[in-house]
Structures are given as structure tokens and as C-alpha cells.
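Quick notes on the structure that follows.
The values are calculated or read from the model by the stated rules, or taken from the named source; none is laboratory data. Keep in mind it's a predicted model, so treat the numbers as computed, not measured. Counting neighbours? That spans all protein chains shown, and the Cβs are built from the backbone with ideal geometry, glycine included. We work out accessible area using only protein heavy atoms, side chains counted, and drop any ligands, DNA or RNA first. Shrake-Rupley method; radii C 1.70, N 1.55, O 1.52, S 1.80 Å.
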Amino acid sequence: MDIEFNSQEELYKRVKPALTSKRRELERYGINIKEEEIWLYLVETEFKNGINLTLSDIVSSIMHIEKETFLK
């Protein structure tokens with residue numbers, strides 16, 4: 001069964017629990033970041049050329065972001 005999303009906002013709402021989980025993980029390392037910032041980073045880097053990404057690909061990308069990505 002393929003799941004299709006009509007907008008980026010709809011997709012964002014679907015993966016928000018994964019973004020929240022990643023935000024909480026990063027907070028344990030002292031990195032204060034919003035879910036939206038994680039999402040924008042992925043949209044601009046990982047998903048920029050993504051065609052036919054599956055929901056599991058997107059969630060996997062969220063969960064595998066290294067904390068060093070957001071260290072300043």
C-alpha cells in the first residue's frame with residue numbers, strides 16, 4: 001500500500017512523532033533545537049532531490065541524524 005501526501009505540511013504532520021523523538025534525543029546532549037529546524041535541515045539536504053521517498057526512508061533519515069550535525 002502506497003501512502004501519498006498532498007503537501008509537505010501533511011507529510012510533516014505524519015512524521016512529527018519521529019521529529020519529536022529526535023529533538024528529545026538531541027536535548028539529552030544539550031542541543032536545543034525545534035522539530036521544524038530538524039525538518040528544514042532534512043528538506044534542504046537529504047530530501048532536496050528525493051523522488052519517490054518512502055515514509056520509512058524519511059523516518060530513517062530523521063532518526064539517523066548525528067548530533068554533530070547540529071553542534072555549533
Hey, E36 among the acidic types (D, E), at pLDDT 95 or above, open to solvent by 30 Å² or more (accessible area, probe 1.4 Å) and within 25 Å of I3 (Cβ to Cβ) or not:
yes
Taking first residues from segment 37-66 that are within 11 Å of K22 (Cα to Cα) and second residues anywhere that are open to solvent by 40 Å² or more (accessible area, probe 1.4 Å) and among the aromatic types (F, W, Y), the pairs with Cβ under 8 Å that are 6 or more apart or on different chains are I65/Y41
Can you go through E46, E36, E9 and tell me which one is among the acidic types (D, E) and assigned to a loop (DSSP other than H, G, I, E, B)?
E46
Those residues that are out of contact with any helix residue (DSSP H, G or I) (no Cβ under 9 Å at 6 or more places or on another chain) and small (G, A, S), I need them from segment 32-59; list them, please.
S56
Criterion violated by I3 - all others in (1) open to solvent by less than 50 Å² (accessible area, probe 1.4 Å); (2) in a loop (DSSP other than H, G, I, E, B) satisfied
(1)
Y29 passes all but one of (1) modelled with pLDDT under 90; (2) open to solvent by 70 Å² or more (accessible area, probe 1.4 Å); which number fails?
(1)
Just need a number here: residues in segment 53-65 that are open to solvent by 70 Å² or more (accessible area, probe 1.4 Å), part of a loop (DSSP other than H, G, I, E, B) and modelled with pLDDT under 95.
1
Residues of segment 7-26 satisfying the condition of being farther than 13 Å from K67 by Cα and either exposed (fewer than 12 other Cβ atoms within 10 Å of the Cβ) or without any contact (Cβ under 8 Å) to a residue 24 or more places away in the chain (or both)
S7, Q8, E9, E10, K13, K16, P17, T20
